[in-house]
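Q: Encoded as structure tokens, here's the structure I'll be asking about.
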């Protein structure tokens, strides 16, 4: 989701993964240097990952963790462990968004919810990130591309065997009837 900067430059309104505004994120400035170093780096990393799980919004997660977006991406490139945690947090966020979207589609809008849920944007976001989510699921299951292809081939072979067995049963039944 894109953030919406106010034209006066006084702040930024941030949207969560469902496209809802989550309020003013304060001044549109970079959070870096000594002012951002109030918490140890590991604590900010944990806050970032937790907020990323909740929102699937990198800009919002960075803001809430008081981490510059560029710094977060740099850390992701430098540290494979952080990259894996980032991908896992996004996957959880997308799974939560998918569950919430499906629940709202099945049950309709909740009357007590003051915010309108943006289902079209949620669906676009899920579609746009479906491939990345599938890749992360496969990585978590320790499957590589060839393993996935082999399992698909095995499933197709099994389907062909069942189809041939069913055809044989139908042909035998036709011979017995005729």
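Q: Given (1) at pLDDT 90 or above; (2) surrounded by 17 or more Cβ atoms within 10 Å (Cβ to Cβ); (3) within 27 Å of residue 119 (Cβ to Cβ), where does residue 50 come up short, assuming only one miss?
A: Every listed condition holds for residue 50 apart from (2).
Q: Moving on. With respect to the numbered conditions (1) at pLDDT 90 or above; (2) under 19 Å from residue 41 (Cβ atoms), which one is the sole condition not fulfilled by residue 84?
A: (1)
Q: Return yes or no: is residue 17 at pLDDT 75 or above and surrounded by 15 or more Cβ atoms within 10 Å (Cβ to Cβ)?
A: Spelling it out, it is not the case that residue 17 is at pLDDT 75 or above and surrounded by 15 or more Cβ atoms within 10 Å (Cβ to Cβ).
The values are calculated or read from the model by the stated rules, or taken from the named source; none is laboratory data. Fair warning: this is a prediction, and the values are worked out from it, not measured in the lab. Quick reminder, even Gly has a Cβ in these numbers, built from the backbone with ideal geometry, and neighbours come from all protein chains shown.
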